[in-house]
Amino acid sequence: MPIIVRIDVQLARRKMSVGEFAERVGLTPANVAVLKNGRAKAVRFSTLDAMCRVLDCQPGDLLEWTED
Amino acid sequence: MQIQRWAVLLLRVSLVTLFVVLLLLQTFSFPGQFAFMAQQHPQSAHLRWPLTFVFAFWILCAQVVLFAIWKLLALIGANRIFTSVSMTWVDVIVRAIAAAWIILAGVLLYVGLHADDPGLPLLLFTWFIGVTVLGLLMIVMRALLRQATALQTDMDEVI
């Protein structure tokens, strides 16, 4: 999948732990792991909204497209 | 949701009632009926056991369908209808209807070739069409279930 989820960069910028992030966004830690490992097949806009709100960033800061 | 719950409950009561009635027909009513017919019409006595077995088999098919519906209702109750488990029970229903259909086709052919008035063949033909429609409908619904299950599986992967 050429879409990469860059949560770790934003988490490092905010100095937020994965556990706190998962709790504040309302995701299970397992699903956060799926997002971080690039195994996610699809993300809801509501999830994206919550992630942007918690990390105070834009969707473009979280998602990156690369050539295969 | 409330209406669905009531419908499921009533359906369960009806399924049990129907199952018990079919069991009574299968074990007491039809065998007795055919034994009586063999006494009354000795010229047709040779049909007693074939008829008993055919009717017992048809009722068995209906019972299998009822049981599979019961299982599917349990899956609906557990919110697991769009999983591969339900496909198994839908397959059971389709196969039971197919088995009854094949025997019905055979009986229709036999009666059609030996009949001297059109009443019974026409009645059997109506049944035959009815069972055909039921079977085809189940095949269409099976395809719908497969689509919905695939969609649900995709949706479950959305984070």
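The values are calculated or read from the model by the stated rules, or taken from the named source; none is laboratory data. Note that the structure is a prediction, hence the values are computed from the model and not measured. Note that each Cβ is placed from the backbone with ideal geometry, even for glycine, and that neighbours are counted across all protein chains shown. Accessible surface is based on the protein model in full, side chains and every heavy atom, while ligands, DNA and RNA are left aside. Shrake-Rupley method; radii C 1.70, N 1.55, O 1.52, S 1.80 Å.
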Item checked: Residue identified as more than 30 Å from B:Ser44 (Cβ to Cβ), part of a helix (DSSP H, G or I) and either open to solvent by less than 30 Å² (accessible area, probe 1.4 Å) or in contact with a His (Cβ under 7 Å, 6 or more places away or on another chain) (or both) among B:Ile93, B:Ile97 -> B:Ile93
Margin query: Out of B:Ala62, B:Ala45, I need the residue that is surrounded by 11 or more Cβ atoms within 10 Å (Cβ to Cβ) and over 20 Å from B:Leu104 (Cβ atoms). Which one?
Written below: B:Ala45
Item checked: Every residue from the range B:1-40 that is open to solvent by 90 Å² or more (accessible area, probe 1.4 Å) and either more than 17 Å from B:Trp58 (Cβ to Cβ) or basic (Lys, Arg) (or both) -> B:Met1, B:Gln2, B:Ile3, B:Arg5, B:Trp6, B:Leu9, B:Leu10, B:Phe36, B:Gln39, B:Gln40
Check: In the range B:131-159, which residue that is within 14 Å of chain A (Cβ to nearest Cβ) and assigned to a helix (DSSP H, G or I) is least open to solvent (accessible area, probe 1.4 Å)?
Finding: B:Ala150
Item checked: Residues satisfying the stated conditions in the range A:10-43, i.e. away from every other protein chain (no Cβ under 11 Å), of a type in the set (A, V, I, L, M, F, W, C) and either touching a residue at least 24 places away in the same chain (Cβ under 8 Å) or touching a Phe, Trp or Tyr at 6+ places or on another chain (Cβ under 9 Å) (or both) -> A:Leu11, A:Met16, A:Phe21
Margin query: Every residue in the range A:51-68 that is open to solvent by less than 50 Å² (accessible area, probe 1.4 Å) and more than 11 Å from chain B (Cβ to nearest Cβ), please.
Written below: A:Cys52, A:Val54, A:Leu55, A:Cys57, A:Leu62, A:Thr66
Check: Do we find a residue being more than 30 Å from A:Gly38 (Cβ to Cβ), among the acidic types (Asp, Glu) and more than 24 Å from the chain's Cα centre (by Cα) anywhere in the range B:90-112?
Finding: no
Note to self: On the basis of being within 13 Å of chain B (Cβ to nearest Cβ) and either over 14 Å from B:Val158 (Cβ atoms) or aromatic (Phe, Trp, Tyr) (or both), does A:Val5 make the cut?
What the structure shows: no
Check: Taking A:Arg39, is it under 21 Å from B:Val158 (Cβ atoms), open to solvent by 70 Å² or more (accessible area, probe 1.4 Å) and modelled with pLDDT of 90 or more?
Finding: no
